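Heads up: the structure comes next, in structure tokens.
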Amino acid sequence: MQVSKSFKQVIFLELAIPVALLIIGIYHGLMQTIYRAGVLQQTSFAKLDYYQGLTLHGVINALVLTTFFAVAFGHVTMAFYFKKEPNRKLMWLSFWLMLSGVLMAAWAMLAGKASVLYTFYPPLKAHPLFYLGAALLIVGSWVPLFDWAVMYNRWKKANPETKTPLAVLGTLINFIIWFVCTLAVAYEVLVLLIPWSMGWTDTVNVNLARTLFWFFGHALVYFWLLPAYIMFYTILPKIAGGKLYSDLAGRVALFLFLLFSIPVGVHHQYSDPTITQGVKFFHGMLTYGVAIPSFITAFTIAASLEYAGKKRGSKGLFGWMARLPWFDQSKYLFAYFISGLILFVFGGVTGIINASYSLNSVVHNTAWMPGHFHMTVAGPVFLGIIGMSLYIYSKLSGKRIFLPKLNTIIPYLWVIGMLIFSFGMSWGGLRGEPRRTNLGTSYLNPDNPLYRSDWVPTTLMALLGGIIMFIAAMLFIVIFFGTILSKKKEEGFLELPVSEAYHDEKRIPLFDKFKPWLVTMIVILLLAYVPALLNVNKNSGPKAPRFNIDNPVPEASAKK
Ligand code: HAS
């Protein structure tokens with residue numbers, strides 16, 4: 001499909017800016033493993049503080065890259081399936097809002113005025129521009145939903161009996177989840193944090209802020225995941241050489257995410273004394289509920305891949321695996337997607353361990369946790385994002401992939417690095433190694449009385465994995481910008497591989513409309529969050545003043 005120059009420009013910028021920022025994000029990932037292994041025994045390096053670096057790492061990789069990509073991929077999906085570009089003015093408005101937000105937050109982080117990590121929990125205080133930047137990034141990402149909803153309604157009116165394309169359904173569900181969950185964080189930022197950070201209010205309710213953050217925070221992880229799931233359902237079976245095993249399974253999974261993505265946030269707060277056990281138990285049960293659509297996805301995608309392998313002439317029970325296009329340069333997206341799926345098997349299992357109230361008390365706030373989430377957000381999500389960014393860019397620009405052979409190997413290199421890294425982190429976590437801690441200044445410094453020799457092998461494994469991942473990511477950066485800088489070979493156009501369904505079940509109205517699901521979503525949300533908020537209202541202790549990361553004394557007292 002031919003698209004306008006303006007459409008291409010927005011998409012290029014939305015893909016290329018976060019990939020360029022990744023250089024900073026990935027560098028600070030490597031630095032984390034270096035500090036933690038005790039190779040550096042200091043609080044800063046190259047004039048950047050440990051926590052400043054960790055904040056840059058989390059914000060760029062987990063918030064900026066993911067949000068920009070979700071918006072760009074949403075535009076591409078809508079335009080491709082509806083054969084019509086989204087409203088250009090709104091596309092630009094959304095882009096400028098997001099970019100100005102990122103610039104504000106980047107200034108605050110680089111100036112060392114917002115070392116509050118990507119969760120920005122109070123009482124750690126950031127510069128108001130950090131919060132304002134985060135709010136603008138979010139508001140900018142809301143804008144497209146309203147335009148896509150109009151596009152969808154028009155299309156539905158003209159095609160009432162046709163099933164909504166799966167990718168469109170997934171995009172709309174994802175942005176509805178995003179809109180609802182970000183309302184809580186918008187309230188946290190605008191009503192609680194900005195006035196407190198500006199000094200208009202002296203104290204802040206830490207428990208309320210945390211609860212509002214996690215109302216947003218776990219749904220956030222599915223906002224990251226769903227674009228990857230859309231790729232797995234609608235693109236992967238085609239490039240693997242087969243068909244999507246069941247179209248209906250995809251629809252059921254997506255609607256289940258709408259129900260269960262948000263009302264699970266308290267599983268991040270099992271250790272918060274403000275919230276009672278009954279509420280924690282209910283959120284724990286719903287967390288098992290949100291794993292169901294991923295199990296559905298695992299079986300559906302595995303069946304689709306088995307079908308692809310069989311179609312390619314495989315024999316025996318597992319022969320299909322060998323027949324898949326693992327190193328096919330022309331189908332490099334396969335390498336990115338399958339690598340993400342392999343990592344997600346481990347990411348999923350560790351997530352289910354976290355969800356168990358009793359097991360969670362063993363692993364909470366230990367290195368186990370980054371072990372878990374790197375196999376999710378830095379697994380299927382990251383690999384899906386970078387692979388697809390390259391694909392969309394090269395198709396839209398008409399340029400060929402720079403170093404295509406190397407491009408096919410990068411995801412596997414990433415998987416090797418990630419498995420070593422996450423194994424080291426998970427093992428260390430089980431031995432009590434804390435997360436978010438500069439171990440080099442204490443536990444991993446042999447001269448320090450706190451020295452823990454049993455954390456040497458675990459942190460060294462994480463370091464080795466970190467080095468391999470850093471190399472893989474930098475090679476990707478070379479390929480991405482190498483492709484941008486190469487000469488145009490043909491006319492650029494918008495194209496996405498589209499998987500046919502093996503079981504193309506007939507349209508079931510319940511799985512092709514939003515209203516019943518939205519109503520159920522609201523009911524579950526109220527059941528899960530009214531008691532949690534009542535708990536917080538009743539049990540929160542005194543409110544907290546402002547703290548900076550480098551001082552255990554509140555900011556106002558420290559100034560005296
Ligand atoms: Fe999580 C903490 C529970 C999924 C990200 N999670 C985090 C944090 C992050 C994160 C960033 O219950 C840390 C937050 C912080 O900073 O404090 N998580 C879960 C559960 C799931 C889960 C139950 N998490 C994710 C995803 C993430 C993510 C997805 C990012 C994208 N997580 C938790 C809990 C905590 C937590 C607690 C808080 C812990 C604490 O104490 O702080 C589930 O959604 C997982 C379901 C997944 C599966 C796997 C399905 C497998 C698939 C692959 C199939 C492979 C194929 C290939 C088909 C059931 C789909 C086969 C073919 C071949 C050829 C081999």
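The values are calculated or read from the model by the stated rules, or taken from the named source; none is laboratory data. Predicted, not measured: the structure shown is a model, and the values here were computed from it. Note that we place each Cβ from the backbone using ideal geometry, even for glycine, and neighbour counts take in every protein chain shown. These accessible areas exclude ligands, DNA and RNA; they are computed on the full protein's heavy atoms, side chains included. Shrake-Rupley method; radii C 1.70, N 1.55, O 1.52, S 1.80 Å.
Worth a mention:
- Net charge of neighbours whose Cβ lies under 12 Å from the Cβ of Glu490, counting Lys and Arg as +1 and Asp and Glu as -1: +4
- The length gained by stretching the chain between Asn153 and Val456 to full extension, at 0.36 nm per residue less their Cα-Cα distance, is 103.3 nm.
- Kirkwood-Stokes translational diffusion coefficient of the stretch 390-476, alpha-carbon pairs, 25 °C, 0.890 mPa s, µm²/s: 164
- DSSP-assigned coil residues among GluC sites (Glu not before Pro) in the stretch 407-502, each with at most 11 further Cβ atoms within 10 Å: Glu490, Glu491, Glu500
- Legend: calculated FRET efficiency, Thr43 to Asn537, from the Cβ-Cβ distance at R0 = 41 Å, rounded to 0.05, equals 0.60.
- Fully extended contour minus Cα-Cα distance, from Val252 to Asn365, at 0.36 nm per residue: 37.3 nm
- Residue-span extension gain [Leu518 to Arg436] - 0.36 nm each, minus C-alpha spacing: 25.8 nm
- The chain - share of DSSP beta bridges that are antiparallel (%, nearest 5): 60
- Gyration tensor verdict on the stretch 439-560 (Cα atoms; rounded if a/c is under 1.5, prolate if a/b is larger than b/c, oblate otherwise): oblate
- With Cα atoms, 0 to 90° folded angle of helix 5-36 axis to the chain main axis: 40
- All Cα-Cα separations within the chain were binned at 10 Å from zero, giving a P(r) of 4, 17, 29, 29, 16, 5, 1, 0, each value a whole percent of the pairs.
- Net charge contributed by nearby residues that have their C-beta within less than 12 Å of Arg323 (K/R +1, D/E -1): +2
- Per-residue [θ]222 nm for the chain (sum of -39500 (n - 2.57) over DSSP H runs n ≥ 4, rounded to 500): -22500 deg cm²/dmol
- Trypsin sites (Lys or Arg not before Pro) within the stretch 1-107, DSSP loop, no more than 15 other Cβ atoms inside 10 Å: Lys47, Lys83, Lys84
- Note that the stretch 337-424 presents 32 Å² accessible area per residue, ligands and nucleic acids not counted, probe 1.4 Å.
- Here the chain is treated with +1 on each Lys and Arg Cβ and -1 on each Asp and Glu Cβ, and its dipole about the Cα centre works out to around 1080 debye.
- Here the label points at Ser356 and Leu190, each 7 Å from Cα along the C-beta direction, are separated by 4.2 nm in the simple model.
- Probe 1.4 Å, protein heavy atoms only - accessible area per residue of the stretch 1-45 in square angstrom: 38
- Rounded to the nearest 10 degrees, the angle from helix 456-485 to the longest Cα principal axis of the chain is 50 degrees.
- The relative contact order of the chain, computed from alpha carbon pairs under 8 Å that lie at least 6 residues apart in sequence, is 21 percent.
- Nearest-ten-degree value, helix 88-110 long axis tilted from longest Cα axis of the chain: 30
- Largest to smallest accessible area among Trp326, Trp196 [probe 1.4 Å]: Trp326, Trp196
- For Thr67, the accessible surface of its heavy atoms amounts to roughly 10 Å² (probe 1.4 Å, protein chains only, rounded to the nearest 10).
- Within the accessible area of the chain (1.4 Å probe), percent carbon and sulfur: 68
- Distance between the 7 Å Cα→Cβ label points at Ala302 and Gln9: 4.9 nm.
- Here the stretch 11-45 is scanned for amide nitrogen atoms under 11 Å from the site 7 Å beyond the Cα of Asn445 along Cα-to-Cβ, giving 40-44.
- In this calculation the C-beta distance from Ala322 to Ile471 is compared with R0 = 22 Å, giving a FRET efficiency of 0.20.
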